[in-house]
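Undergrad: First the structure, which I've put down as structure tokens, then a few questions once you've had a look.
The values are calculated or read from the model by the stated rules, or taken from the named source; none is laboratory data. As the structure is a prediction and not an experimental result, all values here were calculated from the model. Backbone-built Cβ (ideal geometry, glycine too); neighbour counts: all protein chains shown.
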Amino acid sequence: MPDKTHIKYILDESEMPKAWYNVVPDLPRPLSPVLHPATKQPVGPDDLAPIFPMALIAQEMSQENYIEIPEPVRQVYAQWRPSPLFRARRLEKMLDTPARIYYKYEGVSPVGSHKPNTAVAQLFYNREEGVRKIATETGAGQWGSSLAMAGAFFGMEIEVFMVKVSYQQKPYRRNMMEAFGATVHASPTDLTNAGRAILAKDPDNMGSLGIAISEAVEVAATHDDTKYSLGSVLNHVLLHQTIIGEEALLQLAKADDYPDVVIGCAGGGSNMAGLILPFVRERLKNGKQIRFLAAEPTACPSMTKGVYAYDYGDTVGMTPIVKMYTLGHDFMPPGIHAGGLRYHGMAPIMSLLHEEGIVDAKAYPQVGVFDAAVQFARAEGIIPAPESAHAIRAAIDEALEAKEAGEERVILFNLSGHGHFDMSAYAQYFAGQLEDYEYPVEAVVEAQHRMPEVDEAAFAAGD
Ligand SMILES: *Cc1c(COP(=O)(O)O)cnc(C)c1O
């Protein structure tokens, strides 16, 4: 029987996982090849070398099941890892549910989210290969802060293209990056061809993640000592995040419990993948019966309303073309408060798992998400990030369903970060100014016409 007294499960240093888990060789079918944006032929390591270090390119394409976490990375992780696994006893009581609710809390990292798990790893490998500077994008500022912190640890210069609307609305995230020594620009800028092209057409453009990615990639591709770094979506990013799920498996064993359903919020898919992929392994290889549920906003419903198609990762069309769930690369996000969930695409690994019916997805409107956030804060004392609150909404709904059905249900979700920099969104919620928004499916149908044309049959798996 699960332990009835504990609320927090941690691990000793000797128990800590020493490797990341790579799900790629265990997937039910191979990932579709990544294609070059100009030639539309599969990319090789040399195509990616201008923007990524070789070690990360190797991880991106790896067929190894486990990749050892380098000792210097584990030393940095040790500052906040293992992140705690909590049993949400007060929330259970508040909901009066027979369900047992557990959450893994990634807000304990110095910048308050899961993102340093990969930022630290990426900078380690870049520095090993003599890279001096990293260009990147950030939306709400969480990725930029993570990379800025890791840059300070590893002595590397960090240049951040921050989506203009966030740059203006979230000055504290910008100041945090500056405190760590990073340079931050409001994107679109006049520093890159990509930015200048957008501004020429629309001088008041408020930016998007897709545009900021175009700018950062351009800087990396045109400077020898500079590489690019992405905080979600790519295989190596999901790989680094699996530390979350590997810890959770060990922590749940201490609780003598096992989840029926594992939940995450999904923007590009990395925090959710980090938690679920080790459990996906348990389902695919060891026959464990576990459901997986991705929670996304109705304003940016990549999996629930998007199409599974080849599309660009950025707005301008500079990045490789990948097969994923997408709303279209020129998606202009409506102004919702879960900035980290406003990306048009979804990690190819998560997309394939959704397409195969292994990962379910549901979309949630933002008012109900903030209702759940506030209920959770009052029960557990943690103010969640608006992104993470989508997972809370899904977890509470599961717990209420279990109550309705009068059944025990074990729910595990990822609390990807805290919301201390998002209080203006809470202020709007308390003032009754938040509105729900459903992204129209017609917009996706229309965007499909602008997606790159790819002769998929030519690259069919196994060819
Ligand atoms: C960036 C971010 C997300 C969304 O990104 P994923 O790659 O989908 O995890 C979710 N939660 C928090 C707290 C974030 O910072």
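Undergrad: Anything in the stretch 129-158 that is within 27 Å of residue 206 (Cα to Cα) and aliphatic (A, V, I, L, M)? List them, or say none.
TA: Once the filter is applied, which keeps residues that are within 27 Å of residue 206 (Cα to Cα) and aliphatic (A, V, I, L, M), the stretch 129-158 yields 134, 135, 140, 147, 148, 149, 158.
Undergrad: Is it the case that residue 133 is assigned by TED's automatic domain parsing to the domain that holds residue 241 and in contact (Cβ under 8 Å) with a residue 60 or more places away in the chain? It would help to see each step written out before you state the result.
TA: Values: assigned by TED's automatic domain parsing to the domain that holds residue 241: no; in contact (Cβ under 8 Å) with a residue 60 or more places away in the chain: yes.
Answer is no for this residue.
Undergrad: Can I ask one more? Answer yes if at least one residue in the stretch 349-364 is among the hydroxyl-bearing types (Ser, Thr, Tyr), modelled with pLDDT of 95 or more and under 24 Å from residue 168 (Cβ atoms), and no otherwise.
TA: No, because not a single residue in the stretch 349-364 is among the hydroxyl-bearing types (Ser, Thr, Tyr), modelled with pLDDT of 95 or more and under 24 Å from residue 168 (Cβ atoms).
Undergrad: Working carefully through the options 245, 264, find the one that is in contact with a strand residue (DSSP E or B) (Cβ under 9 Å, 6 or more places away or on another chain), more than 8 Å from the ligand (Cβ to nearest atom), assigned by TED's automatic domain parsing to the domain that holds residue 326 and of a type outside the set (Phe, Trp, Tyr).
TA: Numbers: 264 fails: more than 8 Å from the ligand (Cβ to nearest atom).
Result: 245 is the single residue among 245, 264 that is in contact with a strand residue (DSSP E or B) (Cβ under 9 Å, 6 or more places away or on another chain), more than 8 Å from the ligand (Cβ to nearest atom), assigned by TED's automatic domain parsing to the domain that holds residue 326 and of a type outside the set (Phe, Trp, Tyr).
Undergrad: Same structure, new question: Condition (residue is within 12 Å of the ligand (Cβ to nearest atom), on the phi < 0 side of the Ramachandran plot and outside any loop (DSSP other than H, G, I, E, B)) applied to the stretch 312-323: is it met by at least one residue?
TA: So far as the stretch 312-323 goes, no, none of its residues is within 12 Å of the ligand (Cβ to nearest atom), on the phi < 0 side of the Ramachandran plot and outside any loop (DSSP other than H, G, I, E, B).
Undergrad: Tell me which residues, restricted to the stretch 268-311, are among the hydrophobic types (A, V, I, L, M, F, W, C) and within 13 Å of the ligand (Cβ to nearest atom).
TA: 272, 273, 275, 276, 277, 294, 295, 300, 303
Undergrad: Please count how many residues of the stretch 351-402 are of a type outside the set (A, V, I, L, M), part of a helix (DSSP H, G or I) and closer than 17 Å to residue 273 by Cα. Show your work before the answer.
TA: Step one: list which residues in the stretch 351-402 are of a type outside the set (A, V, I, L, M), which gives 351, 354-357, 360, 362, 364-366, 368, 370-371, 375-376, 378, 380-381, 384, 386-388, 390, 393, 397-398, 401.
Applying the additional criterion that residues be part of a helix (DSSP H, G or I) yields 351, 354-355, 366, 368, 370-371, 375-376, 378, 380, 386-388, 390, 393, 397-398, 401.
Checking which are closer than 17 Å to residue 273 by Cα leaves us with 351, 354-355, 387-388, 390.
So the count comes out to 6.
Undergrad: Could I ask something else about it? Kindly provide the set of residues from the stretch 413-459 that are within 16 Å of the ligand (Cβ to nearest atom) and not polar (S, T, N, Q), ordered by number.
TA: Correct list: 413, 415, 417, 418, 419, 420, 421, 422, 423, 425, 426.
Undergrad: Within the stretch 138-232, which helices (runs of 4 or more DSSP H) (wholly inside it) include 3 or more residues that are among the aliphatic types (A, V, I, L, M), crowded, with 19+ Cβ neighbours inside 10 Å and assigned by TED's automatic domain parsing to the domain that holds residue 72?
TA: none
Undergrad: Still on this structure: When the residues of the stretch 269-301 are filtered to those that are assigned to a loop (DSSP other than H, G, I, E, B) and touching a residue at least 60 places away in the same chain (Cβ under 8 Å), which remaining residue is nearest to residue 356 (Cα to Cα)? Outline the logic, then answer.
TA: If we filter the stretch 269-301 for residues that are assigned to a loop (DSSP other than H, G, I, E, B), which is where we start, we get 269, 287-290, 298-301.
Then drop every residue that is not touching a residue at least 60 places away in the same chain (Cβ under 8 Å), which leaves 269, 298-301.
On the way: 269: 16, 298: 22, 299: 24, 300: 21, 301: 18 Å.
Here the answer is 269.
Undergrad: If I go through the stretch 302-318 residue by residue, how many of them are in contact (Cβ under 8 Å) with a residue 60 or more places away in the chain, within 25 Å of residue 187 (Cα to Cα) and crowded, with 22+ Cβ neighbours inside 10 Å?
TA: Within the stretch 302-318, residues that are in contact (Cβ under 8 Å) with a residue 60 or more places away in the chain, within 25 Å of residue 187 (Cα to Cα) and crowded, with 22+ Cβ neighbours inside 10 Å number 6.
Undergrad: Consider the stretch 122-137. How many of its residues are surrounded by 22 or more Cβ atoms within 10 Å (Cβ to Cβ) and part of a strand (DSSP E or B)?
TA: Final tally of qualifying residues: 4.
Undergrad: Working only within the stretch 82-121, note down all residues that are in a loop (DSSP other than H, G, I, E, B) and among the small types (Gly, Ala, Ser).
TA: Selection gives 83, 88, 99, 109, 112.
Undergrad: Scanning for something part of a loop (DSSP other than H, G, I, E, B), closer than 16 Å to residue 234 by Cβ and in contact with a Pro (Cβ under 7 Å, 6 or more places away or on another chain), does the stretch 43-54 turn up at least one residue?
TA: Yes: one or more hits.
Undergrad: Right, here's the next one. Which residues, taken from the stretch 261-279, are surrounded by fewer than 24 Cβ atoms within 10 Å (Cβ to Cβ) and either touching a Phe, Trp or Tyr at 6+ places or on another chain (Cβ under 7 Å) or modelled with pLDDT under 95 (or both)?
TA: Selection gives 278 alone.
Undergrad: Right, residue 207: away from the ligand (no atom under 15 Å from the Cβ), within 24 Å of the chain's Cα centre (by Cα) and of a type outside the set (Val, Ile, Thr) or not?
TA: Numbers: away from the ligand (no atom under 15 Å from the Cβ): yes; within 24 Å of the chain's Cα centre (by Cα): yes; of a type outside the set (Val, Ile, Thr): yes.
Taking the combined requirement at face value, the residue satisfies it.
Undergrad: Next up: Can you pull out every residue in the stretch 84-108 that is surrounded by 24 or more Cβ atoms within 10 Å (Cβ to Cβ) and within 14 Å of the ligand (Cβ to nearest atom)?
TA: Once the filter is applied, which keeps residues that are surrounded by 24 or more Cβ atoms within 10 Å (Cβ to Cβ) and within 14 Å of the ligand (Cβ to nearest atom), the stretch 84-108 yields 103, 104, 106.
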